[in-house]
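The values are calculated or read from the model by the stated rules, or taken from the named source; none is laboratory data. Everything numeric here is computed off the predicted structure, so don't read it as measured data. For neighbour counting, all protein chains shown are included, and Cβ atoms are generated from backbone atoms with ideal geometry for every residue, glycine included.
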Amino acid sequence: MNANRQSSIHKIREIKLEALYIDRDYDVLKEIGSGDYGKVILAVHRGTSSEVALKAVPKATTTIKDFLMEFHYSYFLSPHKNISDTYDVAFETSEHYYFAQEMAPFGDLWQSVERTNGVGLNERDVKIVVEQICSALEFMHDKELVHRDVRAENILIYSPNLTKVKLTDFGLTRKVGTLVKKRVKSLPSCPPEVWEAVLLEGYNIQIGSDVWQLAMMVYVCLTTRFPWDKADITDPKFTEFVEWQKRKTTRTPKEFRVFSPRLLRLMRRLMELKPMKRYPVTEVNKYLRDRWLVHKSQRASSVHSHSITLTTIGQTCECTDEAR
């Protein structure tokens, strides 16, 4: 498999996977992540002594077509400095499909958020992360690709001060306009158009999905929680946001009162209710020098506990499409 990464990113390679016994070719050190659609293990390749992260996708729930699509996008996008590096190594065992990626020495962003014990990441650190992820998303969007699962769990950390982070997990990545079907499960960070889609009916993927999720990721990193259970009018917290977003009220939604006027303006632009009206992710760059949080003394009365917890490592943010 020596394909040049300059090949068409939309032409999925047809690859004959080599059948291996994982314990014969690799020393498995530990499992470093798991979820609905597979697991990631830290291993050392015996032939080269190289330490790699192996993503294992179960054959029972994933077609070879979907596996090759994820591997293809992971590999051809990885030259970007803020996208995790995927090696041109893929194989299968009796139960799983595998491909190899670089190891992230400092875990993922959600683990960093968890370590703040409910306080949230420092505003400066969030901006450092967001600037890098915006660059990765712009790179994808320029190629008419939508990530569809932008969240803290899918951002890997390569420097302890967060000056080097990378976007990962392209299992849901599809070309703009692709028709997919809504499935049963969605997360609070899913955009409203996904929540509104009728179960098992098709809807077309749009870049605006990533834009909404980016805004939600900013919210989560600063507050350690979601602002609502679901982006649907049946949720009163989301309904309050909709009233404010539509300018039917001037009162800032309770869940957003910790944010400065400038961040609220950015949120409004990234979280337009209609996906086609959302600004591009690069809009964030205009706000990086602004204050994002109000002073602690001002927000002390606004910060409160929330029933929604973020125990979603390994789950997919967007509703899974028809082939998964």
Please state which one of Val258, Val281, Val294 is under 22 Å from Arg225 (Cα atoms), touching a strand residue (DSSP E or B) at 6+ places or on another chain (Cβ under 8 Å) and modelled with pLDDT of 95 or more. Val258
Of all residues in segment 84-124, which are over 30 Å from Tyr26 (Cβ atoms) and crowded, with 20+ Cβ neighbours inside 10 Å? Val113, Gly120, Leu121
Taking Arg225, is it touching a residue at least 40 places away in the same chain (Cβ under 8 Å) and basic (Lys, Arg)? yes
Selection over segment 167-206 where residues are at pLDDT 90 or above and part of a loop (DSSP other than H, G, I, E, B) yields a count of 15
It is to be established whether one or more residues within segment 239-255 are under 16 Å from Leu121 (Cβ atoms) and either at pLDDT 95 or above or surrounded by fewer than 22 Cβ atoms within 10 Å (Cβ to Cβ) (or both). no
In segment 133-186, residues that are surrounded by 21 or more Cβ atoms within 10 Å (Cβ to Cβ), under 22 Å from Gln206 (Cβ atoms) and either acidic (Asp, Glu) or free of Cβ contacts under 8 Å to residues at least 40 places away in the same chain (or both) total 2
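Among Ser94, Ser78, Ser50, which is the only one that is of a type outside the set (Asp, Glu) and closer than 30 Å to Leu179 by Cα? Lay out the reasoning, then the answer.
Details: Ser94 fails: closer than 30 Å to Leu179 by Cα; Ser50 fails: closer than 30 Å to Leu179 by Cα.
On inspection, the qualifying residue turns out to be Ser78.
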